[in-house]
Amino acid sequence: MTITLYDMQDSPHARKVRLLAAELGIPLQKIERDPRKGETRSPDYLAMNPNGRVPTLKEDGFCLWESPAILKYLAAKRPERALGGGDARSQGLIDQWLFWWACGPEAAIDALAWELLIKPKVFNQPGNDPGIVADAHARLNRFLPVLDQQLEGRDYIVGPLSIADFAIGPRFDRAPELLKFDVAPYENIGAWLTRLRAKPYWSTA
């Protein structure tokens, strides 16, 4: 059965799905939908994803949105790879990092993206609010050492490669440069990113 991904090339959240699909060898029919052009606000699209965002996955009439949920769904299609965890404890540990990332560091990254990129460049509104930017940087400075410590002595976040790496790793490819936060002090994060970026599909998915 064909799996369709409603995608946007510039979306870091959609890119997570493309990267995992490449790792798992799962073919995707990709349909570009750009929220900036209103392409996710049509009645048909909102029937699939009432948030009007990307990514959205559709398979045989089944629709799924939110990238962590999609990552878990795709991993379940290749149980032999166990990228979603092979038992209750490994699944719980992976979910712990998915929730931590979404509620903590990624929320700070998204706040920076809104202030520094989306407001001024997409909506032509004043951005770069000093208070919001300072708060987001403070949160990252609090959270990133937690990830760096977790990666001490590990190749990947929970040890073996998992969907936690695909949920978190792609956000580091452009965000530090665009959003002006520094990951250079975190040697374990840097080594982990080098391992991820060595994967043959990482720069093209």
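What follows draws every value from the coordinates through simple rules; no lab data is involved. All of these numbers come straight from a predicted model, not from anything done at the bench. Cβ: placed from backbone, ideal geometry, glycine included. Neighbour counts: every protein chain shown.
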### Query
Around E152, with a cut-off of 15 angstrom between Cβ atoms, what is the net charge of the other residues, counting Lys and Arg +1 and Asp and Glu -1?
-1
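Using a 10 Å cut-off around each Cβ, can you sort F181, F166 from fewest to most neighbouring Cβ atoms?
On the way: F181 19, F166 27.
Placing the least packed residue first, the sequence is F181, F166.
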### Summary
Rounded to the nearest 0.05, FRET efficiency between R81 and K37 (Cβ-Cβ, R0 45 Å) equals 0.80
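Nearest 20 debye, what's the magnitude of the dipole of the chain about its Cα centre given +1 on Lys and Arg Cβ and -1 on Asp and Glu Cβ?
Working: 26 positive and 26 negative charges, 63 e Å.
I would put it at about 300 debye.
With charges only on Cβ, +1 for K and R and -1 for D and E, what is the dipole size of the stretch 38-156 about its Cα centre, in debye, rounded to 20? The partial results should precede the final answer.
On the way: 13 positive and 16 negative charges, 17 e Å.
For the stretch 38-156, the charge dipole is close to 80 debye.
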## Note on the structure
Sorted largest first, the C-alpha extents of the stretch 1-102 along its principal axes in whole angstrom are 41, 31, 23
### Query
Using a cut-off of 29 Å between alpha-carbon atoms, which lysines can reach K199, once sequence neighbours fewer than 8 places away in the same chain are excluded?
K16, K30, K58, K72, K77, K180
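Pick out, in residue order, every one of the trypsin sites (Lys or Arg not before Pro) in the stretch 1-85 that is DSSP loop and has at most 13 other C-beta atoms within 10 Å; say none if there are none.
Details: sites: R15, K16, R18, K30, R33, R36, K37, R41, R53, K58, K72, K77, R81; in loops: R33, R41, R53, K77.
Those satisfying the criteria are R41, K77.
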### Ratio of Rg to Rh over the chain (Cα coordinates, Kirkwood Rh, two decimals)
0.96
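Per 0.36 nm of contour for each residue apart, how much would the distance between N128 and T204 grow if the chain were fully extended, relative to their Cα-Cα spacing? Kindly include the intermediate steps, with their values, before the conclusion.
Numbers: separation 76, 0.36 × 76 = 27.36 nm, distance 3.08 nm.
Difference between extended and current length: 24.3 nm.
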### Query
Out of Y73, L46, C63, whose Cα points farthest toward the positive end of the dipole of the stretch 3-81 (charges: +1 Lys, Arg; -1 Asp, Glu; placed on Cβ)?
Y73
### Query
Stretch Q91-I118 to full length: gain in nm at 0.36 nm per residue minus the Cα-Cα span?
6.3 nm
